[in-house]
Structure formats: structure tokens, C-alpha cells
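The structure appears below as C-alpha cells.
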Amino acid sequence: MSAINDSRFQSEVFLLTGIPGQEHIYLWISIPFCFMYAIALVGNSLIVFVIKTNPSLHEPMYILLSMLAITDLALSITTMLTTLRIFLLNSREITHDACFAQQYFILTLVCIESSVLLLMGFDRLIAIRDPLRYASILTPQRLAKMSLACVLRGVVAKLPLPILLKQHRYCQEIIPTRSYCTNGEVMKLACSDISVNIIYGLLIALLTEGLDSLLILLSYVMILKTVLNIASRAECLRALNTCVSHLCAVVAFYTPYLSLTLMHRFGSSPSRLVQILLGYIYVMFPPLLNPIVYSVKSKHLRARIVGIFVK
């Protein structure tokens, strides 16, 4: 028995699951997945290209939008490789190192996206609260420094998580509810004490995405307070209308993220299918929705995108 257990400890492969019990329709499931990934990749690439090639869009709001699109592109590519490989080829194996790398990139990109959404909330707050000083406050140099700080925060804060995972031995190989690796799912497969992983993961989540969500909420409280003091109802609605796209992006990002986090940390989901669906929505819905919402709501961006196809 000891020899058997030792051989299991030496396994260098995890088995991703996809959607348990639905293996017979994986090919059909792959069709909407391919469609959603295609929209996310094309939509975000188009936004980045349009903003980069149009100097009139080199404003803080659009620069931050291009950062959000780049982050969404990277997140889609990170999860797409293993997801489509499972549903199209039924290839489930992933090495430990590749799994740790994937979960690190997912966590880092999620943290960066949260930071970018916070900067976009700050951008809307300045634009509404102090429009005359908007350009002087959000200068290109200051925006570049804040953007770099957001990227470095995600890279550094999430780096210990895969390092901690690599220290464990794993008694189990099957990741039960994912077609990609996540920190919460992988550490449950370890046969050693994971208390440090749990404490550090929860602490970092509170100090990054948790803190960002509270600051975004605070920014909207200040925006609402400013807007309610505007005498003209038309101007009030016009000011709020500039926040609709960002608010949709915030809801699309934080709703599945917080729901999934609460399920992992404080209880089990009422249905495994609910947890699986939230896991896919968590990484696929924001990259899919953001380019659609911003293209529809932003008149200047929409005009230039239409101009590409008209030409």
C-alpha cells in the first residue's frame, strides 16, 4: 500500500473535467464555447486596434478601455487553450507546472482587470466631479504610472500562490468542476496541510479584488452625490449615462467572482452545475460582454468601428 501511495505522489499530471456527466455531448457544447471565444477575441482586438490607430481616442477613458480589452484578450487565451482542447479533443491531461502557471495567469489577470475597473471608476468620478481639471489630473504620465502599478500589484500579489501549491504532494489527480486550473480547486487535491494557502489566498483576495470593489462602490456614491446636486435633469441623466458602460462591466465582473468566492470560502453550492456554470461565466462573460457594451454605448468608438467595415 505504501508503494502504491508513493507512486501516486509522483504523478505529474492533473485531469481536467469540463462538465461531468456530459461527455457524450462535448462536441455540441464546444460550438457555443467557440462562438463566445471568437466574439471575445475579435471584439477586444478590434477595440485595441481602433483606439491605437485613432489619435482622437487617445484620452484617459479610451486608454483605460484598451487596457481592459488587452486584459480580457489575455484572459480568454489563457482559458481557451484547455477548454477547447477538452470539448473538441477530449484531451484532459495537464502537467502540474502548466496547471500552476495557468492558475497564476488567471489570478493575475483577474486582479489586473479589477484594478483597471477601479481606475475607470476614478476616471468617471473626476470627469463628473471636476470636469475642468480632468485633463490636468489624468495626464498621460500619471495614467501610465497608475497602470504600471496595477500590473505590478497583480503580478507580485499573486506570485506566492503557485509557489505554495508547488510545495504540496497531491493524493488526487482529478480537478472536479473545471476545464482550467484554479487555485481553490487545485489546493483541495493536496494531501498535506493547506492552511497557509487558504489564509494567504483569502487575505490577498480581500486586499485586491475586495478592496477594489469597495473603492468602486465609494466612487459611485460620490458620483451619485455630485449628480443629484445638478439642477438640470437633462444634465443629470447625461452625466449618469457616461457611467452605464463601466457599471455594466463592473456588474459582469464582480457578480460571478464574488458568488464563486463565497461558495469556495464559506460553503458549498446547492448544485455542482451552478458552481460549474459560475466558473465559466467568471472567466468568459466579462471578455465577451465588455466590447459589446462599450461599442454600443460609446458613440465615438462605434463610429470608428463602423468606419472600418464601411471602408
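The values are calculated or read from the model by the stated rules, or taken from the named source; none is laboratory data. Given the structure is predicted, the values throughout are model-derived calculations rather than measurements. Reconstructed Cβ throughout: ideal geometry from the backbone, glycine too, with neighbour counts over all protein chains shown.
Here are some notes:
- The residues listed here are Val283, Val296; of these, the one that is buried (at least 16 other Cβ atoms within 10 Å of the Cβ) and not aromatic (Phe, Trp, Tyr) is Val283.
- Index of the failed condition, Ile194 passing every other in (1) β-branched (Val, Ile, Thr); (2) in contact (Cβ under 8 Å) with a residue 40 or more places away in the chain; (3) buried (at least 17 other Cβ atoms within 10 Å of the Cβ): (2)
- Selection from segment 274-302 of residues that are small (Gly, Ala, Ser) and part of a helix (DSSP H, G or I): Gly279, Ser295
- Filtered residues of segment 281-310 (kept if among the hydroxyl-bearing types (Ser, Thr, Tyr) and without any contact (Cβ under 8 Å) to a residue 40 or more places away in the chain): Tyr282
- Of the candidates Thr95, Thr82, Thr78, the single residue that is within 29 Å of Val156 (Cα to Cα), touching an Asp or Glu at 6+ places or on another chain (Cβ under 7 Å) and hydroxyl-bearing (Ser, Thr, Tyr) is Thr95.
- Cβ-Cβ distances below 8 Å connect the following pairs, each with a first residue in segment 214-243 that is farther than 21 Å from Ser114 by Cα, a second residue that is surrounded by fewer than 12 Cβ atoms within 10 Å (Cβ to Cβ) and of a type outside the set (S, T, N, Q), and a separation of six or more residues or different chains: Cys236/Leu228.
- Taken over segment 168-186, the criterion of being without any contact (Cβ under 8 Å) to a residue 24 or more places away in the chain and more than 17 Å from Thr108 (Cα to Cα) is satisfied by Gln172 alone.
- The set of residues in segment 40-65 that are assigned to a helix (DSSP H, G or I) and either surrounded by fewer than 17 Cβ atoms within 10 Å (Cβ to Cβ) or among the polar types (S, T, N, Q) (or both) comprises Val42, Asn44, Ser45, Phe49, Lys52, Thr53, Pro55, Ser56.
- Checked against the criteria, Glu235 counts as of a type in the set (D, E, K, R) and loosely packed, with under 14 Cβ neighbours inside 10 Å.
- Odd one out for Arg169 among (1) touching a helix residue (DSSP H, G or I) at 6+ places or on another chain (Cβ under 7 Å); (2) surrounded by fewer than 21 Cβ atoms within 10 Å (Cβ to Cβ); (3) closer than 27 Å to Val274 by Cβ: (3)
- Enumeration of residues in segment 1-48 that are within 30 Å of His168 (Cα to Cα) and modelled with pLDDT of 85 or more: Val13, Phe14, Leu15, Leu16, Thr17
- Top-ranked residue of segment 119-133 - restricted to ones that are free of Cβ contacts under 8 Å to residues at least 24 places away in the same chain and part of a helix (DSSP H, G or I), ranked as farthest from Asp212 (Cα to Cα): Leu132
- Residue match in segment 75-91 (condition: more than 22 Å from Ile29 (Cα to Cα) and of a type outside the set (Asp, Glu)): no
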